[in-house]
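Here's the structure we're looking at; comments come further down.
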Amino acid sequence: MHTVVVGTAGLTAADVVAVARGNARVELSEEALGALAAAREIVDALAAKPEPVYGVSTGFGALATRHIGHDLRTQLQRNIVRSHAAGMGPRVEREVVRALMLLRLKTVCSGHTGVRPEVAQTMADVLNAGITPVVHEYGSLGCSGDLAPLSHCALTLMGEGEAEGPTGTVRPAGELLAEHGITPVELHEKEGLALLNGTDGMLGMLIMALADLEALYKSADVTAALSLEALLGTDKVLAPELHAIRPHPGQAASAANMLAVLKGSGLTGHHQDDAPRVQDAYSVRCAPQVAGAGRDTIAHARVVAERELASAVDNPVVLPDGRVESNGNFHGAPVAYVLDFLAIAAADLGSIAERRTDRLLDKNRSHGLPPFLADDPGVDSGLMIAQYTQAALVSELKRLAVPASADSIPSSAMQEDHVSMGWSAARKLRTAVDNLTRIVAVEFYAAARAIELREGEGLTPAPASRAAINAARAAGVGGPGPDRFLAPDLAAADAFVRGGHLVAAVEPVTGPLA
């Protein structure tokens, strides 16, 4: 099994995905264990002094003015976890919780939090045992960290609350820890606070969304190329020299992908035939510009994610010179902004894909295709309602594109008076990515049917297009014919795109897509 070693310098996005989705094993490096011990010595020294230090010997947030004596400090750390584990609503997905736990462990191992090595090791042990704390949808404002979600994870480390075991059954966390030989932790000074104060939930969801979107944008380029082909459009607009004079890298990559898919097509270039067109519609001609802008947005978001992965997010932090200083690094604004930005890009890509689908179904704009790609129009409705479903998904994407990060709501008696709402931005982005996949699948389904109808007219599609269609048909995605129960076909198309099979089908012909 793949092992991810957590050191002091952070993790890679691939590490996060491997643990969150691939159940990779987690180990702590010797360097991390040394840094943990050194930082803990600093915290212990401060805890022994009579002067109050925030997070070590004081209350929290608006209650930070109270000095807490030695006899109450263990209770203080336990109480912050219990009281902050106040989430509500549906459970968050297992992969999100695993990413959240790993990323908190990453910061703990930086040596800037003052957490003892045994606490960090328990975090790794819980991940390796396949124990997943029950975390709820609502409870994070994206500032002072993803407080409630992280608190539910910390509660599991204490042997309290509920968690899901490796078999998928939710049980008391204490029972699961005992079954795997894991001793619950008793939190010491600063440790409860350090386990809660991070942007780990929103960052984990950003990293997984980036992985999904990078793959999905390749699929979207393939479907856009198939739609251009089915509409007898021109591929001249994809020429590299045209995109070189507007040098956005994402645009050039998207155009190159489409051109590679269309190589050898007998359907392109017919725009001057029976109903001459000077230009294709925007949804066809500008596909690389829209998809390319989304690709560049992904690239920017990846830079933000990499910076956050290299960060130690806690408050207060332990500095190498022995100081323990308060700060605002837990504010989620940098991550929240790009989460919202990606939702905007997803909505626009979904919108242009739906416009191409609608064009394929409209006999007045499809350049000779039957109405709704129906077998016997009038008797058959064809893909009429498939486009309705796609349109409903697009409309939902537009609502999800409204930024969460533009909102703020004060909390903690106005001490925490400006928050990022980054967790909310991440949650809605996950829905947006999910729906965008379905939208691309519907376009692929329509374009594949349209191309096969063109073949009936004696026109030959590109070899890559034919490879994609053959693979889809082999995977159970139905082709043209009389009306039938359509939902299973659309579900099969969704699985085909979602599983990466569309790109996998064309790349043996095109070579690797960008």
Per-region count, segment 221-253, residues among the aliphatic types (A, V, I, L, M) and open to solvent by 10 Å² or more (accessible area, probe 1.4 Å): 8
Every residue from segment 94-128 that is out of contact with any helix residue (DSSP H, G or I) (no Cβ under 7 Å at 6 or more places or on another chain) and either basic (Lys, Arg) or without any contact (Cβ under 8 Å) to a residue 24 or more places away in the chain (or both): 94, 106
Search result, residues across segment 141-180 that are among the β-branched types (Val, Ile, Thr) and more than 30 Å from residue 327 (Cβ to Cβ): 167, 169, 170
Residue satisfying condition, being within 26 Å of the chain's Cα centre (by Cα) and open to solvent by less than 10 Å² (accessible area, probe 1.4 Å), within set 215, 301, 256, 293: 301
Residue within segment 313-330 that is closer than 22 Å to residue 102 by Cα, at pLDDT 95 or above and open to solvent by 40 Å² or more (accessible area, probe 1.4 Å) present: no
Number of positions in segment 259-284 that are among the β-branched types (Val, Ile, Thr), part of a loop (DSSP other than H, G, I, E, B) and surrounded by 14 or more Cβ atoms within 10 Å (Cβ to Cβ): 1
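Wholly within segment 1-98, which helices (runs of 4 or more DSSP H) include no fewer than the required count, namely at least 3 residues that are closer than 22 Å to residue 305 by Cα? Spell out the reasoning first.
Numbers: elements: 13-20, 30-47, 73-84.
Correct list: 13-20.
Name the strands (runs of 3 or more DSSP E) wholly within segment 136-181 that hold at least 3 residues that are under 25 Å from the mean Cα position of the chain (by Cα)?
Details: elements: 136-138, 162-164, 170-172.
Output list reads 136-138.
Return the total of residues in segment 355-382 being part of a loop (DSSP other than H, G, I, E, B) and of a type in the set (Ser, Thr, Tyr).
Step one: filter segment 355-382 for residues part of a loop (DSSP other than H, G, I, E, B), giving 362-370, 374-376, 378-379, 381-382.
Going one step further and asking which of them are of a type in the set (Ser, Thr, Tyr), we end up with 366, 381.
Matching residues across segment 355-382 total 2.
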Odd one out for residue 415, checked against (1) at pLDDT 95 or above; (2) more than 30 Å from residue 208 (Cβ to Cβ); (3) in contact with a Gly (Cβ under 7 Å, 6 or more places away or on another chain): (1)
Residue within segment 489-500 that is β-branched (Val, Ile, Thr), open to solvent by less than 60 Å² (accessible area, probe 1.4 Å) and free of Cβ contacts under 8 Å to residues at least 40 places away in the same chain present: no
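The values are calculated or read from the model by the stated rules, or taken from the named source; none is laboratory data. Since this is a predicted model, take the numbers as computed values, not measurements. Cβ atoms come from the backbone with ideal geometry, glycine included; neighbour counts cover every protein chain shown. Surface areas here come from the heavy atoms of the whole protein model, side chains and all, with no ligands, DNA or RNA. Shrake-Rupley method; radii C 1.70, N 1.55, O 1.52, S 1.80 Å.
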